[in-house]
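Every number in this text was worked out from the coordinates using simple rules, so none of it is lab data. Predicted model only: the values in this text are computed from it and were never measured. Please note: Cβ atoms are built from the backbone with ideal geometry, for glycine as well, and neighbour counts cover all protein chains shown.
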Amino acid sequence: MTHERRLRIKTLFMVLLMVVCANTGDLMLKRGMSRIGEVQPSLAGLTRAFSLTVSNESIWIGIIFLSGFMVSYMTVLSWADYSYVMPAGAFGYAVLTLLAVIFLHEAVSPRRWLGVLFICVGVLLVGQTKPRTTPEVREALA
């Protein structure tokens, strides 16, 4: 297996891990915040929201998954181009829209689905390019 193929496989795996962690974390945060209710922009409202937030297990699960997203994101950026990782990770928006319909019972308009389709086409186009087009920083500094 060539170096470029290994790089593509490990990059796509890490982007997939990013998407799973980010989407799960976002859904758990939404679930937790829905249980807390609307946060009022006052000292009393913020204090109430904070106390409910720190005792909400859905929010903590969301934070853990979002931490996993951050670790996988930093890892993949250590070897792949930002201009590859971010568009490829945008596939998560499509997945998140589908999960919001399934788990949060949100209504998604046809116009929004069309936007999601455009995102998916963009992700497919970016996915056809090389994950790294720039020399490694260590090579550039030498």
Discussion item. With the requirement that a residue be under 22 Å from Leu29 (Cα atoms), touching a helix residue (DSSP H, G or I) at 6+ places or on another chain (Cβ under 7 Å) and in contact (Cβ under 8 Å) with a residue 60 or more places away in the chain, what does region 80-115 give you?
Written reply: Gly89, Phe91, Gly92, Val95, Leu96, Leu99, Phe103, Leu104
Discussion item. Name the single residue that is farthest from the chain's Cα centre (by Cα) among those in region 77-88 being part of a loop (DSSP other than H, G, I, E, B) and surrounded by 14 or more Cβ atoms within 10 Å (Cβ to Cβ).
Written reply: Trp79
Item to complete: Could you list, in sequence order, all residues of region 5-41 that are among the basic types (Lys, Arg) and in a loop (DSSP other than H, G, I, E, B)?
Response: none
Worksheet item: Is there a residue being more than 11 Å from the chain's Cα centre (by Cα), among the hydrophobic types (A, V, I, L, M, F, W, C) and buried (at least 17 other Cβ atoms within 10 Å of the Cβ) anywhere in region 64-76?
Response: yes
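Collect the residues in region 35-66 that are touching a residue at least 40 places away in the same chain (Cβ under 8 Å) and not aromatic (Phe, Trp, Tyr), keeping them in residue-number order.
Leu66 - this is the single residue of region 35-66 that is touching a residue at least 40 places away in the same chain (Cβ under 8 Å) and not aromatic (Phe, Trp, Tyr).
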Worksheet entry | So Phe65, is it touching a helix residue (DSSP H, G or I) at 6+ places or on another chain (Cβ under 6 Å) and aromatic (Phe, Trp, Tyr) | yes
